[in-house]
Amino acid sequence: MGPSGSEYRRVPPIAVSSSSTLVNHTGSWKYIRPLFQDRVAPCNAGCPVGIDIEGYMNLLREGRVAEARDLLLRENPMPGVTGRVCHHPCEVSCNRESFDRAVAVHAVERMLGDLAMPEVPLPAPPARNQRVAIVGSGPAGLACAYHLAGLGYRVTVFEAATQPGGMLRLAIPEYRLPEAVLDREIERIRARGVEIICCVNVGDDLPWWSVRANYDAVFLAPGAHRDRALEVEGEQSRGVEPGLKFLEDVKRGNRPNLGRQVIVVGGGNTAIDCARTAVRMGADCLVLYRRTRAEMPAIPDEVEEAEREGVKFEFLAAPVAFESKRGRLKAVECVRMRLGPPDASGRRRPIPVDSDHFTLPADTVLTAVGEVTDLAAVPQDLERQDSALRVGAWGETSGVRVFAGGDVTDETRSVAHALGAGKRAAIGIDRYLRQAAGEPVEPDGLARLRYGGSGNVSITRWRGDDPIQRASPTNDVVRFEDLNPSHFQRAARRDDRRLHSETARSGFTEVNLGLTRDGALEEARRCFNCAVCNGCELCLIFCPDVAIARGTDGNRFDIALDYCKGCGVCAAECPRGGITMTRAGL
Ligand SMILES: Cc1cc2nc3c(=O)[nH]c(=O)nc-3n(C[C@H](O)[C@H](O)[C@H](O)COP(=O)(O)OP(=O)(O)OC[C@H]3O[C@@H](n4cnc5c(N)ncnc54)[C@H](O)[C@@H]3O)c2cc1C
Ligand code: SF4
Ligand code: SF4
């Protein structure tokens, strides 16, 4: 209760303003001001495909699932595939890993990819007259075709095999990537107007000169399909088989007789796929790898899965001879290895310990020490670099109007890298054809299209039709130190559901069942939405000068610079590093 009667007379007089204080421009002496500036989330920078992960996570947070799916499909033609087989470097870069555990980006992507099936209408682009031929229908070729069709070109893909998909179809086992998933993704690519012609081996069934003469540009994506030889004595024995050939055979529906004891030589994805496939065919399987587990190029999740299914590993060991009886493999003589200094790959070089040999019995050996390109099968006038085709930043080769990407170049061998290379080449081809048609093009717009400093690019930025409004976008990647984690709560990561290993090893049913739709949406809500303002309004709430207000004229927020004192509280409180204190604009 306030003062009353005689008490009231004892209250000292105070000055009360009866009009607004806005006349006092209290911000006039500041030397820095806040700038709402969308930067780059590290997941976006880490994804070789160039997906706006943060963008679709934010749409999911707002419950805008269909828009999230469409944003994803702008950049990635195969989210159902990458959600299953990508080694997800996005998660290695995820800021949430420094807080509790990384967001399960691949699982959210997979859910959206599966949701995108069977057909999602894609915006019809303005038609262009030029025709582009693509050789090879693996992820690189299909991505290039998809993005070029999205830019309005008429695209024909030539594929030597009976069905499109490249390694996704020919080798990656059904229990990791069901063919039905691949079929539906390819259907969506076809629905964009891409023509795919199978059973045509370019250079053999169709001469290179005719493809180069009849199309305005050509994209080469024939992959790397030759097994690298071990060059070990006895390699020609019956029972020593190339691992890739074995996987292709099984994918065709054959079940070769492996005997009881199978040894797989190698440490990459092909080796692990061979081992897990052999287990499904009733064999006992041992993987022989010359380095340690830490240096294995295979996806770590797949190695763990193989172990759960009963595959055994012998590290720091390599075969030196295959012993046969009457031309049939009986045993493998091995040498123990030790690790020396790093080699050209950056991994420690394996060195044989000559005094330490041992022998392992084997009915079948599957060799899986890498695939090599068949450069004899591509036009001879194109420049090479070691065992790959030499390409520039946009996939351009030394041949006029000829571009290349994926495993045939020195690109990292992964589905995501192949998809990214296909997209870069689509932009390169568009740039080239527009220039040839006399249209103005940016001399080198790559920096503007990149997420962060890496080579992954955004086709949305190239097209200039981003549905998300950006505030002063920069290419600066936001790290955990730039965030204010006090506004986030710890939350358990939702891990993929998996078949029980006993059930898994008894057949080819898909092992990783992903997340339920609700589980994936929950997981998306764990995302910090790094680097981009998502309108949480904490800046507005914390500003001590009430200088920030909800935006007008399309701005997210308006800053009353006459009253902002440049204290930086908004930038410090912003949970996601979306406000920068700057001298600019003062
Ligand atoms: C067993 C195995 C497992 C793998 N697992 C994974 C994984 O889990 N995750 C991952 O990210 N990566 C994985 N990879 C690597 C990945 O599959 C490749 O990096 C990727 O497929 C390369 O794509 P690409 O388009 O360059 O070539 P490819 O996928 O090899 O496709 C090339 C296509 O071109 C066709 N072709 C070749 N020459 C001609 C011609 N002259 N005319 C017409 N067509 C032609 C071929 O038939 C083929 O279909 C795996 C690879 C293998 C072998
Ligand atoms: S493609 Fe791979 S790296 Fe990119 S978002 Fe998907 S899982 Fe992550
Ligand atoms: S928290 Fe979200 S936006 Fe930030 S890096 Fe991880 S997935 Fe990307």
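The values are calculated or read from the model by the stated rules, or taken from the named source; none is laboratory data. This one's a predicted model, so the numbers in the text were calculated from it and none came from an experiment. Because the Cβ atoms are built from the backbone with ideal geometry, glycine has one as well, and the counts that use them run over all protein chains shown. Areas reflect the complete protein model, heavy atoms only, side chains present, ligands, DNA and RNA absent. Shrake-Rupley method; radii C 1.70, N 1.55, O 1.52, S 1.80 Å.
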Quiz item: Can you list the residues, at least 5 places off or on another chain, whose amide H is less than 5 Å from the amide H of Phe219, using H built in the peptide plane?
Solution: Ala133, Ile134, Val135, Phe403
Practice problem: Please list 149-158, 416-425 highest first by mean number of surrounding beta-carbon atoms within 10 Å per residue. | Solution: 416-425, 149-158
Quiz item: Taking the alpha-carbon centroid of each part, what is the distance from region 499-566 to region 213-285 in angstrom?
Solution: 42
Quiz item: Based solely on its DSSP helices, what 222 nm [θ] is calculated for the chain when runs of n ≥ 4 H residues each add -39,500 (n - 2.57) and the sum is averaged over all residues, nearest 500 deg cm²/dmol?
Solution: -8000 deg cm²/dmol
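Which of the peptides 37-48, 193-204 is most tightly packed, and how do the rest follow, going by the mean number of other Cβ atoms within 10 Å of each residue? Display every interim value, and only then the final one.
Values: 37-48: 25.4, 193-204: 16.5.
By packing density, highest mean first, the sequence is 37-48, 193-204.
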Quiz item: When the chain is fully extended, how far beyond the present Cα-Cα distance does Glu235 get from Gln435, taking 0.36 nm per residue of separation?
Solution: 66.8 nm
Quiz item: Amide H to amide H, which residues 5 or more places from Gly514 or on other chains are under 5 Å from it, using H placed in the peptide plane?
Solution: Arg497
Exercise. Mind jotting down the distance between the C-alpha centroids of region 1-61 and region 333-401, whole Å?
Key: 58
Quiz item: Hey, quick one: spin label on Asn129, modelled 7 Å out along Cα-Cβ, who in region 154-168 has an amide N within reach, i.e. under 18 Å?
Solution: 154-155
Quiz item: What percentage of all Cα-Cα pairs in region 229-369 are separated by more than 28 Å?
Solution: 13
Practice problem: Ignoring everything but the protein chains, give the 1.4 Å probe accessible area of Asp354 in square angstrom, nearest 10. | Solution: 120
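In whole percent, how big is the carbon plus sulfur part of the accessible area of region 161-255, probe 1.4 Å, protein atoms only? Spell out each step's value before the answer.
Working: 2080 of 4490 Å².
Using a 1.4 Å probe with all protein chains present, region 161-255 comes out at 46 percent carbon and sulfur.
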Practice problem: Assuming R0 = 45 Å, can you tell me the calculated FRET efficiency for the pair Arg497 and Asp343, based on Cβ-Cβ distance, to the nearest 0.05? | Solution: 0.70
Exercise. Provide the per-residue ³J(HN,Hα) series for region 475-492, in order, calculated from phi with Karplus coefficients 6.51, -1.76, 1.60 and θ = phi - 60°, each as a whole number of Hz, with x at glycine and proline positions.
Key: 9, 7, 8, 8, 9, 4, 4, 7, 8, 10, x, 5, 8, 10, 10, 5, 8, 5
Practice problem: With a point put 7 Å past each Cα toward its Cβ, work out how far Phe488 is from Arg556 in nm, to one decimal. | Solution: 1.6
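Please sort 331-338, 513-520, 276-283 by packing, taking for each peptide the average over its residues of neighbouring beta carbons within 10 angstrom, highest first. Let's see the in-between values first.
Working: 331-338: 18.8, 513-520: 16.6, 276-283: 21.1.
The peptides rank, most packed first, as 276-283, 331-338, 513-520.
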Self-check item: Under Karplus coefficients 6.51, -1.76 and 1.60, residue-wise ³J(HN,Hα) of region 541-554 in Hz, glycine/proline x
Solution: 6, 7, 4, x, 9, 6, 8, 10, 9, 3, x, 10, 6, x
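Nearest-5 percent of antiparallel DSSP beta bridges in the chain?
Working: 32 of 67 bridges.
Close to 50 percent.
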Practice problem: Enter the accessible area of Ser19 (Å², nearest 10), with the probe set to 1.4 Å and all protein chains included. | Solution: 80
